[in-house]
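The structure appears below as structure tokens.
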Amino acid sequence: MADDPQPRGAEYGHIPVLLDRCTELLAPALTARAADGTGALFIDATLGAGGHTERLLSDLPGLHALGLDRDPSALQIAGARLAPFGNRVTLIRTRYDGIADALEEAGHPAENSVDGVLFDLGVSSMQLDRTERGFSYSADAPLDMRMDPDLPLTAADILNTYDHGPLAAILREYGEEKFASKIAKEVIRRRERTPFATTGDLVELLYAAIPAPARRTGGHPAKRTFQALRVAVNAELDSLRAALPAALAALRPGGRVVVMAYQSLEDRIVKSVFAAATASRTPPGLPVELPGHEPEFVSLTRGAERADQREIDRNPRSAAVRLRAVQRPTDRGGS
Ligand SMILES: C[S@@+](CC[C@H](N)C(=O)[O-])C[C@H]1O[C@@H](n2cnc3c(N)ncnc32)[C@H](O)[C@@H]1O
């Protein structure tokens, strides 16, 4: 059977991942009060090209959406794509841990006002494809990596100014790079001669610093260092750690949060926040659940869900995805 010649969303530069599954998970919460989504509020915390939001707004003609992104060029692309939905969608430039402020700016309470939230983490294909933004190790470009062009620090600034200890810690913790200390030493040695300016400078150094046997087995030698610098430049993990509790607090009874992570550091944060949110609050050792101490949320996924081979063939980006989802129970008053 022939697949679509061009997967949905490709014309906007980014093919949405697990689009049907996200829709299936969010729809029951968004249609709990009206089958067409009237009265429901959805937050797309990582709007990107707007692929998931477009689908939900099309399927549910009464739904309102709040689209957040820290990257103004994403908001521009999604804004044009979602223009046909008029005032059913509000776009706000913010980091996703600014959910509470974004809700207030749009005229909604920060708590108990939202029916569904989606996080589709990481960089978009548009960001990777715009080589001048420096996210990709496969093209030579300025070493930038800022998702928000107003951030003060670029990847080049980190490489050219950080001491060995903090630099090695970034590579180890955010990139899980085994050769972190060696790479940091080589970075400092090189920058004393010529400061880092382009992705090519860094890739060249990594080829030299990572031993050949590790290069043959560990994927592209630049992959982990680029991930580490991107996470550091954009404070991605801190932003996620703060955003998830804010998203959970924003939910009304019956509301759902769906998160898609593409690297283990982010997925670990999602897993641990969701594990705490779905744990019983009855003191350990009691034989029954104390009234009012039941878990605040229930899990909608068993472990992390992955994309199937068919989707991975159409959209290689989906190979790394791990999806987790939780719901605030409907039978209690949001306690
Ligand atoms: C994978 S893309 C989303 C793609 C979108 N779901 C679609 O299908 O078109 C992730 C987006 O999240 C944004 N982003 C990443 N970290 C963010 C943060 N901390 N706050 C706000 N936006 C963020 C990026 O700028 C990017 O546009």
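Each reported figure results from applying straightforward, stated rules to the coordinates on display, with no laboratory input. Computed from a prediction, not measured in an experiment: that's the story for all the values here. Using ideal geometry, Cβ is built from the backbone for each residue, glycine included, and neighbour counts are taken over all protein chains shown.
Computed from Cα positions, the angle between helix 72-82 and the longest principal axis of the chain comes to roughly 40 degrees. Each Lys and Arg adds +1 at its Cβ and each Asp and Glu adds -1 at its Cβ; summed about the Cα centre, region 133-234 shows a dipole of about 460 debye. Taking amide H as placed 1.01 Å from N in the peptide plane, T90 has its amide H under 5 Å from the amide H of A65, L66, G67, each at least 5 places away in sequence or on another chain. The share of Cα pairs per 10 Å bin across the chain, counted from zero up to the longest distance, runs 5, 24, 31, 23, 13, 4, 0 percent.
Around the Cα centre of the chain, unit charges on the Cβ atoms of Lys, Arg, Asp and Glu (plus for the first two, minus for the last two) sum to a dipole of about 920 debye.
Between T198 and H164, the distance separating the two model label sites (each 7 Å from Cα on the Cα→Cβ line) works out to 3.0 nm.
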